[in-house]
Amino acid sequence: MSEHEYEEISSEEVDRVVAALELLSESVASETIKSILDGCSSEIYYLVYEDEEGMSEAA
């Protein structure tokens, strides 16, 4: 993808991936891996919800 193109990501897909990462994180003993999975989960969540939250706070 070029720098001017963007991919549309559905909130359903984001919700599904975040839920899977949370389940995976619960099954991991390593605090380091849990931290990385939590960071990934947050980054994926904000792909869709960051703009929506900003718009609702501005209203």
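So here's what we get for this one:
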quantity	calculated
Qualifying residue in segment 44-58 (condition: at pLDDT 95 or above and among the polar types (S, T, N, Q))	no
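Conditions tested, residue by residue: (1) open to solvent by less than 100 Å² (accessible area, probe 1.4 Å); (2) at pLDDT 95 or above; (3) among the hydrophobic types (A, V, I, L, M, F, W, C); (4) touching a Cys at 6+ places or on another chain (Cβ under 9 Å).
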| site | (1), (2), (3), (4) |
| --- | --- |
| Glu3 | no, no, no, no |
| Tyr6 | no, no, no, no |
| Asp15 | yes, yes, no, no |
| Glu26 | no, yes, no, no |
| Ala29 | yes, yes, yes, no |
| Lys34 | yes, yes, no, no |
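The values are calculated or read from the model by the stated rules, or taken from the named source; none is laboratory data. This is a predicted model, so every value here is computed, not measured. Every residue, glycine as well, gets a Cβ built from its backbone with ideal geometry; the counts of neighbours run over all protein chains shown. Ligands, DNA and RNA are stripped out before the accessible areas are found, and what is left, the full protein with its side chains, is counted by its heavy atoms. Shrake-Rupley method; radii C 1.70, N 1.55, O 1.52, S 1.80 Å.
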